[in-house]
1. Give just the number: which of (1) open to solvent by less than 60 Å² (accessible area, probe 1.4 Å); (2) in a helix (DSSP H, G or I) does E79 not satisfy?
2. Only one residue in Q73, Q97, Q107 is under 11 Å from the mean Cα position of the chain (by Cα) and either open to solvent by 60 Å² or more (accessible area, probe 1.4 Å) or at pLDDT 90 or above (or both), so which one is that?
3. Restrict the check to the range 47-58 and report whether at least one residue is modelled with pLDDT under 95, in contact with a Leu (Cβ under 8 Å, 6 or more places away or on another chain) and open to solvent by less than 30 Å² (accessible area, probe 1.4 Å).
4. Check whether at least one residue in the range 97-120 is more than 24 Å from L66 (Cβ to Cβ) and in contact (Cβ under 8 Å) with a residue 40 or more places away in the chain, and report yes or no.
5. Which ones in the range 109-149 are more than 13 Å from L171 (Cα to Cα) and not in a helix (DSSP H, G or I)?
6. Which one is farthest from L112 (Cα to Cα) among residues in the range 150-205 that are among the polar types (S, T, N, Q) and not in a loop (DSSP other than H, G, I, E, B)?
7. Give me the residue from the range 16-33 that is within 16 Å of L74 (Cα to Cα) and among the polar types (S, T, N, Q) and, out of that set, surrounded by the fewest Cβ atoms within 10 Å (Cβ to Cβ).
Amino acid sequence: MTAEVKPASLQLTERQEARRRRILHASARLASRGGFDAVQMREVAEHSSVALGTLYRYFPSKVHLLVATMQDQLQHMHETLRKRPPTEEDPATRVAQTLMRAFRALQREPHLADAMVRALTFADRSVSPEVDMVSRLTTAIILDAMGLEGPPTAEQLSAVRVIEHTWHSALITWLSGRASIAQVKIDIETVCRLIDLTAPDNEAR
């Protein structure tokens, strides 16, 4: 069973969507070069060939923009993972493999990863729709990797939330230099064991 997450951008016209894509690409390029501080709204507007006022209509602040950039990056990861799904038979191992693939994709762009994670950390209630979409995409990636035959149970969704929190925390500790890639891998593999513990056949015992 696959989880479908439709980005809010589908509500835009083709021209508006093209403009939004240019803005997100410019944001990602600037963040890749210099992290959070390198993403200045005026420069993003110039690099994406839109007026500064137009940029602010799409994204009211830099935090809104960078959280939306993370949403865009996760959407791309989700599509890539669907084309090349994990191959392991065990659901917990599939999820761990999938999250480590996503982690390594972020590892290749550490400045971009740092900028997006900092934006998530700074986000207030005004950014809730964008933050919620990031969470929904991460959940969809995990559920896809689990390969459920039907809807997830409440216990399974709880396990997915804990896995998601752990993945996010591992990303923060790695970016801050407080955890190695090896430690991140151990933490992810450990928390993914919750998938086995919350499997319906396991609960019935």
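1. (1)
2. Values: Q97 fails: under 11 Å from the mean Cα position of the chain (by Cα); Q107 fails: under 11 Å from the mean Cα position of the chain (by Cα).
Answer to the check: Q73.
3. no
4. Start the filter on the range 97-120 by keeping residues that are more than 24 Å from L66 (Cβ to Cβ), which leaves 97.
Narrowing further to those that are in contact (Cβ under 8 Å) with a residue 40 or more places away in the chain: 97.
Among the residues of the range 97-120, at least one is more than 24 Å from L66 (Cβ to Cβ) and in contact (Cβ under 8 Å) with a residue 40 or more places away in the chain, which makes the answer yes.
5. Those that are more than 13 Å from L171 (Cα to Cα) and not in a helix (DSSP H, G or I): A123, D124, G147, L148, E149.
6. If we filter the range 150-205 for residues that are among the polar types (S, T, N, Q), which is where we start, we get 153, 156, 158, 166, 169, 173, 176, 180, 183, 190, 198, 202.
When the remaining residues are screened for being not in a loop (DSSP other than H, G, I, E, B), the result is 156, 158, 166, 169, 173, 183, 190, 202.
Values: Q156: 31, S158: 29, T166: 20, S169: 17, T173: 15, Q183: 21, T190: 27, N202: 40 Å.
Residue satisfying both the conditions and the ranking: N202.
7. S32
Residues are listed down the side, and each one gets a yes or a no for (1) under 13 Å from V95 (Cβ atoms); (2) of a type outside the set (G, A, S):
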{"position": "G150", "(1), (2)": "no, no"}
{"position": "A154", "(1), (2)": "no, no"}
{"position": "I186", "(1), (2)": "no, yes"}
{"position": "I195", "(1), (2)": "yes, yes"}
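The values are calculated or read from the model by the stated rules, or taken from the named source; none is laboratory data. These numbers were taken from a predicted model, which means no experiment stands behind them. Here the Cβ is made from the backbone with ideal geometry for all residues, glycine too, and neighbour counts use every protein chain on show. To get the accessible areas, we keep the full protein, side chains included, count just its heavy atoms, and leave off ligands, DNA and RNA. Shrake-Rupley method; radii C 1.70, N 1.55, O 1.52, S 1.80 Å.
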